[in-house]
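The values are calculated or read from the model by the stated rules, or taken from the named source; none is laboratory data. Not measured: the values here are computed from a predicted model. No Cβ is skipped: glycine too gets one built from the backbone with ideal geometry, and neighbour counts run over all protein chains shown.
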Amino acid sequence: MAAAIIVGSYSSFGGVKAVTLTDVVQFFTFSTIIPILALVIWNHFKCVDKLTYVLEHDPNFDLRQVVGWTPQFGATLSLFCYFAIPGFYTPELFQRIAMAQNVKQVKYSLTYAAGIFLIVVLLLSLTGFLLLADNPGLKPGQLVPHMINKYTYVGFRGCLCICVTALSMSTADSCLNTCSVLFANDIVKPLTNQKVGSVWVARLFSVLVGLGAM
């Protein structure tokens, strides 16, 4: 509830500037914690024998299960081609594009974001691989509690909780701001014959949506 009130407050009264600023701060938060978490788990390994054993014997890393003229490979290839198509289907992403000064800035922003996103995904995949090698029988529902209780300590445990909260808040505030702007400009403005969408309408709607979601 505290996180919802904080997100709703700065999304409603700070507008897109506050949302963008907090997204930058939140990005630096989880881009710092995720590599540290991977290093902490790595330090628990006294030797690399567990890692090589998993790579050699775990069916998840068997290339014959992935590459080959099988129905599974055809489905994977089709899914890969689908995700390779650029998608701008989320309103908050299009809002960021519309905020850019020119097309050149949009191109650079998306290029940098793609590179950073790839690094984050690789770090998350490395963390998952290390957890699998250290605890092969761990169930998915036990993953997060086990990771927090075994690999973190006082101080770092709080930073990890802040990281998870920042990840969720980063998405929530963007969606909330975009939702209120769309309501003010695409619904209220045409119905009331206004030339410019009302900022107060967007703020009020953001408060109402935030309260309703909470």
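Does region 152-171 contain any residue that is among the hydroxyl-bearing types (Ser, Thr, Tyr) and at pLDDT 85 or above? Taking every residue of region 152-171 in turn, none turns out to be among the hydroxyl-bearing types (Ser, Thr, Tyr) and at pLDDT 85 or above. Sub-6 Å Cβ pairs linking a first residue in region 177-193 that is closer than 14 Å to residue 203 by Cα to a second residue that is modelled with pLDDT under 85 and buried (at least 16 other Cβ atoms within 10 Å of the Cβ), at least 6 apart or interchain, are 177/11; 177/16; 177/19; 178/92; 178/95; 184/197; 185/197, ordered by first then second residue. Scanning region 69-81 for residues that are loosely packed, with under 10 Cβ neighbours inside 10 Å and either touching a residue at least 40 places away in the same chain (Cβ under 8 Å) or within 30 Å of residue 134 (Cα to Cα) (or both) yields one hit, 80.
For region 40-51, state whether one or more residues are surrounded by 14 or more Cβ atoms within 10 Å (Cβ to Cβ), modelled with pLDDT of 80 or more, assigned to a loop (DSSP other than H, G, I, E, B) and of a type outside the set (A, V, I, L, M). Checked region 40-51: no residue is surrounded by 14 or more Cβ atoms within 10 Å (Cβ to Cβ), modelled with pLDDT of 80 or more, assigned to a loop (DSSP other than H, G, I, E, B) and of a type outside the set (A, V, I, L, M). A single member of 177, 135, 193, 185 is surrounded by fewer than 13 Cβ atoms within 10 Å (Cβ to Cβ) and modelled with pLDDT of 80 or more, and it is 193. Taking each residue of region 203-214 that is aromatic (Phe, Trp, Tyr) and looking for partners that are surrounded by 14 or more Cβ atoms within 10 Å (Cβ to Cβ) with beta-carbon atoms closer than 6 Å, six or more apart or interchain, yields 205/180; 205/183.
Filtering region 55-74 to residues that are of a type outside the set (Ser, Thr, Tyr) and either at pLDDT 85 or above or outside any helix (DSSP H, G or I) (or both) leaves 58, 62, 66, 67, 68, 69.
Among helices (runs of 4 or more DSSP H) entirely within region 82-157, having at least 3 residues that are under 16 Å from the mean Cα position of the chain (by Cα) and without any contact (Cβ under 8 Å) to a residue 60 or more places away in the chain singles out 103-134.
Looking only at residues in region 158-170 that are of a type in the set (Ser, Thr, Tyr) and surrounded by 15 or more Cβ atoms within 10 Å (Cβ to Cβ), the one that is nearest to the chain's Cα centre (by Cα) is 170. Of the residues screened, residue 198 is one that is among the small types (Gly, Ala, Ser), surrounded by 13 or more Cβ atoms within 10 Å (Cβ to Cβ) and over 26 Å from residue 86 (Cβ atoms).
Of the residues 108, 89, 112, 82, only one is closer than 30 Å to residue 178 by Cα and at pLDDT below 85; which? Explain how you work it out, then say what you get.
Values: 108 fails: at pLDDT below 85; 112 fails: at pLDDT below 85; 82 fails: at pLDDT below 85.
Answer to the selection: 89.
Remark: residue 37 matches the filter, which requires a residue to be touching a Phe, Trp or Tyr at 6+ places or on another chain (Cβ under 9 Å), surrounded by 14 or more Cβ atoms within 10 Å (Cβ to Cβ) and modelled with pLDDT of 80 or more. For region 15-56, how many residues meet the condition of being closer than 30 Å to residue 203 by Cβ and of a type outside the set (D, E, K, R)? Residues that pass the stated criteria total 14.
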